[in-house]
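See structure below.
Nothing in this text is a laboratory measurement; each read-out follows from the coordinates by a stated rule. Quantities reported herein were computed from a predicted structural model and do not represent experimental measurements. Here Cβ is always computed from backbone atoms with ideal geometry, including for glycine, and neighbour counts include all displayed protein chains.
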Amino acid sequence: MKIVYRAENIIDANLVKNALEAEDIPAFVSGYYLTGAIGDLPPMSLVNVMVAEIDLERARAVAERVDADLAEFRASPDDWSPEPA
């Protein structure tokens with residue numbers, strides 16, 4: 001297994017994992033339970049999305065797209081609210 005994405009948090013990791021699986025690329029989130037020990041562990045990338053080496057190139061493109069979408073969302077104004085149903 002190879003790391004395709006180093007996530008800031010569990011939510012981002014699962015968004016990438018779900019996008020990969022939607023493209024038929026099996027993915028695994030490592031470090032899922034380590035985030036509970038944040039105060040006891042040294043600062044480092046704890047949560048990673050991993051894929052098989054054979055899927056790495058395809059997965060990298062998907063992960064980069066999701067990461068760009070997340071960056072765009074975070075840069076949007078704080079007064080964002082969902083549209084009424």
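Odds and ends about this structure:
- 3J(HN,Hα) along region 5-18: 7, 9, 8, 6, 7, 5, 5, 4, 4, 6, 5, 5, 4, 5 Hz, from the Karplus curve 6.51 cos²θ - 1.76 cosθ + 1.60 with θ = phi - 60°, whole Hz, x for Gly and Pro.
- Projected label points at GLU8 and GLU64, each 7 Å from Cα along the beta carbon direction, are separated by 2.0 nanometres.
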